[in-house]
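A quick write-up on the structure given underneath.
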Amino acid sequence: MHSPTPFRPYMRQAFARLKNPALRTDQEALLFSLKCLLAASLGLYVSLRIGLNRPFWVIGTVYLVSQPLSGATLSRGLFRLLGTVGGAVATVVLVPRFANAPLVLSAALATWMALCLYLAMLDRTPRAYAFLLAGYTTSLIGFPAVMVPGDVFTIAITRVQEIAIGILAATLVHALVLPRRVSMRVHARVAAVLDDAERWTRDMRAGASDTVLATDRSKVAADLLELHVLSIHLPFDSAHGVAQVQILRALHDRMLDVLMLSSAVEDSIDRLRSPQAGAMDATGWRDLLQAGLAAQQTELDLAHADCRVLQAQLHTARPDWRRHVPARLARHVQGAVLHRDHRLALRSALGAFVGILLSCVLWIATGWSEGATAVSIIGTACVLFGTIEAPAPHVMRYLVGSCIGVAVGLLYGLLIFPALSDITGLIAALAPVLLLCGSFLARPPFIMAALGVVLTFPIIAGLGATNSVNIVGALNNSVALFVGTTVALCSMQLFQTADAGRNRARLEHSIRRDIARHAAGRGDVTRAWLSRMLDRIGLLAPRLQGRSSAVHELRALFADVRAAHASSQLRTLDKYLDNPHVRALHAALVERVAAHFRVRAHAPRSVDAHLLKLLDCMREAATAIAEADRGYLLHLLSGLRRDLLASPLTHRH
């Protein structure tokens, strides 16, 4: 027999450490940083070979568009290129036309940037990056070109070339060197979402607490939004991307059913178990509720099974996937419909316009020689950070990174660059800082600081064909950078930062308003409306954390959404009711439900006795309609009554 080697326990420990999630994250960050360095080196070499005089924009572009997932890098690069071209065209059109009227030109550039920010805030997907680039490209090209309007076309063309080289370099490297596919991330996220959904369905049937279930349901809304965002990158990831996007849309629709059915089953179980509800419900209502509960549990199990069918199709991603799934999954695929807050987008756009225009007025009034640089930084910050609800912490991190970048840039420009003679030495000298920045870019808490360093130090160092730093120019640029970032921070705090409580109240109001509209028979088709409501609830849930009534409010919202949905379906039965008495009751009921939600849109309100009486009369009158429609009508009435009464019941619990 062989005696165990004394090194075997240590080898086991070493292999165990290699599987540690923290170390895996470090390995992924290192790989990402190496690929970014390779792409930056390729872009720098090409730009110097063709004689571009500002290659630092190539490096900045590489680090701005690079993403850990190869498909995301390609899509982000495309959006950046489209935005850059759009911003360059707008600048070339505006600057020469208003060159003799600086204040008018400033207002025109600020208006264009505000419009781009407004459109970016309405999109809420990676496509918004194109609008952001169209906005702040105008700032970076337009304001410095005010002093030399005749050169604006040359500046714009050069900027587009630099950014195109950076995009191509990043795309090639991330697509060819150990690529990480978006589809693999999507598969992992779908598996996790479906596992979570099945787990909280089991927990619900086992009697889990309201807090756990409400938290889990609101988390699914955020997970589905993440999947929708990833689906934007899928067509750039592989040849199967289009089919995968279609399957994800079908999966999103079925997960909507899971959420609605799960919350309905939970409220039905609670109502049947509640002594207070038992005293309020007549025998007929309880029988209908029990029958509906059994049917909904069956539907819920079927919805979970359908999600697993779609997950299997997602792995094969065949173009004819619709032929391999039940017909109910292939028809009328809607996908995610996101909430758009026009008022918030308009407020942020107006805030950016005012901040940029006031900065231009100060620049024109003082005649500061570096004012163009400072104003271009202000415009860039107001647009780039304007989509964030609380931009100040992000701007502060970027400012800290810029301070480090200035120090590093001066070190390179004064001590390191003068000793270099070829491209190989230049890349070797840049490698330590770029590797460190790339590693931090792969860690979300440090992204803004890392960008501040990597976008600042090549400019301060004078990276270019000669690598010679102008110390006076570098110091002036540093002052302009600090002044511009500080003024941008103050401007965003004054004009673009909204109160969190006010944002929450506006979001709640938009949910209540659309519930009232849907209950009244107005608004979108049901599937799109449900998707938008789920997205809004997902946005609201984090804003309710810490409030004692958060669980009750979330459950009440789900109940109100189901009640409005049932009311909308109830309206469609009007044409099938032949009995005049039943038609009159039906009309009175749907109008009373609409009136109930119109009042609830502005103030909390319990269900009035007249509405409950109408429900009782409608249930009794249902015996007079055809048997084919009676079961469906009674099912809707039972669900509507349960959901209308769910709010006070969950509050008592």
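Overview of values
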{"item": "In segment 66-104, residue farthest from Leu117 (Cα to Cα) [restricted to those that are touching a Phe, Trp or Tyr at 6+ places or on another chain (Cβ under 8 Å) and among the polar types (S, T, N, Q)]", "result": "Ser66"}
{"item": "Leading residue by the ranking (surrounded by the fewest Cβ atoms within 10 Å (Cβ to Cβ)) among those in segment 317-365 that are of a type in the set (Val, Ile, Thr), assigned to a helix (DSSP H, G or I) and modelled with pLDDT of 90 or more", "result": "Val361"}
{"item": "Segment 602-626 - residue that is closer than 14 Å to Leu577 by Cα and free of Cβ contacts under 8 Å to residues at least 60 places away in the same chain and, of those, most open to solvent (accessible area, probe 1.4 Å)", "result": "Thr623"}
{"item": "Single unsatisfied condition, His565 versus (1) under 26 Å from Leu507 (Cβ atoms); (2) open to solvent by 20 Å² or more (accessible area, probe 1.4 Å); (3) in contact with a helix residue (DSSP H, G or I) (Cβ under 6 Å, 6 or more places away or on another chain)", "result": "(3)"}
{"item": "Residues being within 20 Å of the chain's Cα centre (by Cα) and among the aliphatic types (A, V, I, L, M) - total across segment 163-192", "result": "6"}
{"item": "Members of segment 545-562 that are crowded, with 17+ Cβ neighbours inside 10 Å and out of contact with any His (no Cβ under 6 Å at 6 or more places or on another chain)", "result": "Ala550, Val551, Glu553, Leu554, Arg555, Ala556, Leu557, Phe558, Ala559, Asp560, Val561, Arg562"}
{"item": "Qualifying residues in segment 77-93 (those that are surrounded by 20 or more Cβ atoms within 10 Å (Cβ to Cβ) and either among the acidic types (Asp, Glu) or in contact with a Ser or Thr (Cβ under 8 Å, 6 or more places away or on another chain) (or both)) - the one nearest to Gly150 (Cα to Cα)", "result": "Thr91"}
{"item": "Residue among Tyr129, Tyr63 that alone is hydroxyl-bearing (Ser, Thr, Tyr), on the phi < 0 side of the Ramachandran plot and open to solvent by 10 Å² or more (accessible area, probe 1.4 Å)", "result": "Tyr129"}
{"item": "Cβ-Cβ under 7 Å pairs, at least 6 apart or on other chains, segment 369-382 side at pLDDT below 90, far side assigned to a loop (DSSP other than H, G, I, E, B) and open to solvent by 10 Å² or more (accessible area, probe 1.4 Å)", "result": "Ala372/Val146; Ala372/Met147"}
{"item": "Conditions (1) surrounded by 15 or more Cβ atoms within 10 Å (Cβ to Cβ); (2) among the hydroxyl-bearing types (Ser, Thr, Tyr); (3) outside any helix (DSSP H, G or I): number failed by Ser369", "result": "(1)"}
{"item": "Cβ pairs under 7 Å, 6+ apart, first in segment 464-483 and within 16 Å of Ala372 (Cβ to Cβ), second of a type outside the set (Gly, Ala, Ser) and in a loop (DSSP other than H, G, I, E, B)", "result": "Asn476/Glu370; Val479/Glu370; Ala480/Glu370"}
{"item": "Pairs with Cβ under 7 Å, 6+ apart, first in segment 558-572 and farther than 19 Å from Val265 by Cβ, second among the hydroxyl-bearing types (Ser, Thr, Tyr)", "result": "Ser568/Thr526"}
{"item": "So Ala312, is it of a type in the set (A, V, I, L, M), in a helix (DSSP H, G or I) and within 30 Å of Arg202 (Cβ to Cβ)", "result": "yes"}
{"item": "Long-range neighbours under 8 Å by Cβ, at least six apart or interchain, first residue of a type outside the set (Ser, Thr, Tyr) within segment 440-454, second not in a helix (DSSP H, G or I)", "result": "Leu441/Ser66; Ala442/Pro68"}
{"item": "Residue match in segment 565-580 (condition: over 18 Å from Gly501 (Cβ atoms), polar (S, T, N, Q) and at pLDDT below 85)", "result": "yes"}
{"item": "Filtered residue count, segment 115-143, keeping only those that are among the aromatic types (Phe, Trp, Tyr), farther than 17 Å from His342 by Cα and touching a Cys at 6+ places or on another chain (Cβ under 9 Å)", "result": "2"}
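The values are calculated or read from the model by the stated rules, or taken from the named source; none is laboratory data. Since the model is a prediction, treat every value here as computed from it, not as a measurement. Heads up, the Cβs are rebuilt from the backbone with ideal geometry, glycines too, and the neighbour counts pull from every protein chain shown. Note: accessible area is taken over every heavy atom of the protein model, side chains too, but ligands, DNA and RNA are not part of it. Shrake-Rupley method; radii C 1.70, N 1.55, O 1.52, S 1.80 Å.
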